[in-house]
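Just below is one structure, and these are the notes that go with it.
The values are calculated or read from the model by the stated rules, or taken from the named source; none is laboratory data. Please read all numbers here as calculations on a predicted model, not as lab measurements. Counting neighbours? That spans all protein chains shown, and the Cβs are built from the backbone with ideal geometry, glycine included.
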Amino acid sequence: MSLLIKGGVIVTASDIYQGDVFVDGERISAIGIDLDMPADRVIDAAGKYLFPGGIDVHTHLDMPFGGTKSADDFESGTIAAAHGGTTTIVDFAIQYKGQTLHHAWETWMQKADGKAAIDYGFHMIITDLSDQVEQEMDALVRQGVTSFKLFMAYPGVFMLDDASILRALLRTGKNGGTICMHAENGGVIDVLVQKALAQGKTAPKYHALTRPARAEAEATHRAIALAEIADVPVYIVHLSAAEALEMVTEARDRGLPAFAETCPQYLFLSYDNYEEPGFEGAKYVMSPPLRARETQEQLWRGLAFNDLQVISTDHCPFCMKEQKELGSSDFSKIPNGAPGIETRMSLVYDGGVRTGRISLNRFVELTSASPARIFGLFPKKGTIAPGSDADIVIFDPEKRVTLSVKTLHMQVDYNPYEGREVTGATDTVISRGRVIVDAGKFTGRAGGGAFLRRSTR
Ligand SMILES: [Zn+2]
């Protein structure tokens, strides 16, 4: 199968130019002006942008949490991702206490197998670090699972102590893996949650009020300090607070390899959403929580100046009915997470590029090139170049879309951006040479995605 995409404007992290792209099989085989080789299909992309397929390195599909599980599985979640212009995800496999990493990896490979419609990789969440698990980290790196996530929050469930965190960091100094950190001080937060509940404060907004920005900043600082001691890079996931960003900026100014991502919810929503009437605030219960509205501009500045390198989604949807409702009389029982896998590219284009906060090249860098580089996928993914996978988004910069649960494809009963109008949306999406979204209609198949063995730093 070959494709010739004609007349589009090709955008990578470094270039913007008009050109034709010839795709032969799964890869891009040529780029040029007025290409006229015979192709099975010719796509007219005049007036459209060609972006490298979006890469979302923070998703939770089919994930157990607090007696329920995230509402999208690998089929519905990756189909929704494709509609939004994302052609690669890196999801999280979870090692529960007492389990081997290998068991966790196999469990998540099975969840994705035959279901994922786009390519996928895994980070491994370590919750129990023994000598044997340290050795297993090396084996996983060799198998292409080259990043690990550790939690400084959720004591008794996911949290690791500082000694274990340091040991894991030191191990990546030898095996070339990368540590991703959920940076919030879990012990402090637990005390604040118990205190609030004892005072009868049970509404959703107390989820945010018991997870202060300073608890995120403290953990971010500690994570970076431990990585500095271990002399390895560290990647802070879902950074939400200006105080935490200051810690990353300070470290980077000292030349340390500290990296961080933020997510659209922290750029477009704020603490004010928790004040919506009744139980509506539960829609936005996630960790870290939404912050003060002023934080949004500080995060945009961090994105523009490369103190933040990636925009991922932390897609972890739970329905209001029967799932978020579990916490109707106790905010601490509300499943943490919100949907976002489908809306990332349009939101960031509309709110970032169209407003002039970031350039078009920076948009591609934040949503595709930089996550590909940091997580061992570049240049197979993350760019439009001969030899790279033909993961291409044909994006219509003038298309106006109203985001709504009625038209989006995520299997969840609300959308945090309900009614928001955005300009700029995906038209056609190509994954390894196959058209999987054609003029807005899904034409791929469950199981069409492949597991990605990622390389080390
Ligand atoms: Zn997450």
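Working carefully through the options Asp40, Asp91, find the one that is at pLDDT 95 or above, away from the ligand (no atom under 16 Å from the Cβ) and among the charged types (D, E, K, R). Break it down into steps so the answer makes sense when it comes.
Values: Asp91 fails: away from the ligand (no atom under 16 Å from the Cβ).
The conditions single out Asp40.
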inquiry  = If a residue counts only when it is among the aliphatic types (A, V, I, L, M) and under 19 Å from the mean Cα position of the chain (by Cα), which strands (runs of 3 or more DSSP E) contained entirely in the stretch 353-445 have at least 1 such residues?
reply    = 392-402, 421-431
message = Of all residues being polar (S, T, N, Q) and away from the ligand (no atom under 14 Å from the Cβ) in the stretch 60-77, which is farthest from Ile94 (Cα to Cα)? Just the residue, please.
response = Ser76
task = Could you check how many residues of the stretch 317-332 are small (Gly, Ala, Ser) and buried (at least 19 other Cβ atoms within 10 Å of the Cβ)?
result = 1
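For (1) within 16 Å of the ligand (Cβ to nearest atom); (2) in a helix (DSSP H, G or I); (3) buried (at least 19 other Cβ atoms within 10 Å of the Cβ), each residue gets a yes or a no:
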position	(1), (2), (3)
Leu50	no, no, yes
His58	yes, no, yes
Ala82	no, yes, yes
Gly98	no, no, no
His103	no, yes, no
Trp108	yes, yes, yes
Glu134	no, yes, no
Asp138	no, yes, no
inquiry  = On the basis of being of a type in the set (Gly, Ala, Ser), within 16 Å of the ligand (Cβ to nearest atom) and at pLDDT 95 or above, does Gly186 make the cut?
reply    = yes
query = Considering the stretch 293-318 alone, what residues qualify as being closer than 19 Å to Gly382 by Cα and of a type in the set (Val, Ile, Thr)?
reply = Val310, Ile311, Thr313
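Could you identify the single residue in Leu160, Leu169 that is touching a residue at least 40 places away in the same chain (Cβ under 8 Å) and either over 19 Å from Lys333 (Cα atoms) or surrounded by 24 or more Cβ atoms within 10 Å (Cβ to Cβ) (or both)?
Details: Leu160 fails: touching a residue at least 40 places away in the same chain (Cβ under 8 Å).
Every option except Leu169 fails the conditions.
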query = Which members of the stretch 333-383 meet the condition of being among the charged types (D, E, K, R), surrounded by fewer than 24 Cβ atoms within 10 Å (Cβ to Cβ) and more than 30 Å from Tyr274 (Cα to Cα)?
reply = Arg362, Arg373, Lys380
remark   = By residue number, the members of the stretch 326-361 that are away from the ligand (no atom under 16 Å from the Cβ) and over 18 Å from Val422 (Cβ atoms) are Leu326, Gly327, Ser328, Ser329, Asp330, Phe331, Ser332, Lys333, Ser359, Asn361
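Checking the condition buried (at least 21 other Cβ atoms within 10 Å of the Cβ) and either within 26 Å of Glu275 (Cβ to Cβ) or away from the ligand (no atom under 16 Å from the Cβ) (or both), which residue from Leu239, Leu209, Leu192 passes?
Working: Leu209 fails: buried (at least 21 other Cβ atoms within 10 Å of the Cβ); Leu192 fails: buried (at least 21 other Cβ atoms within 10 Å of the Cβ).
Leu239 is the lone residue from the list that is buried (at least 21 other Cβ atoms within 10 Å of the Cβ) and either within 26 Å of Glu275 (Cβ to Cβ) or away from the ligand (no atom under 16 Å from the Cβ) (or both).
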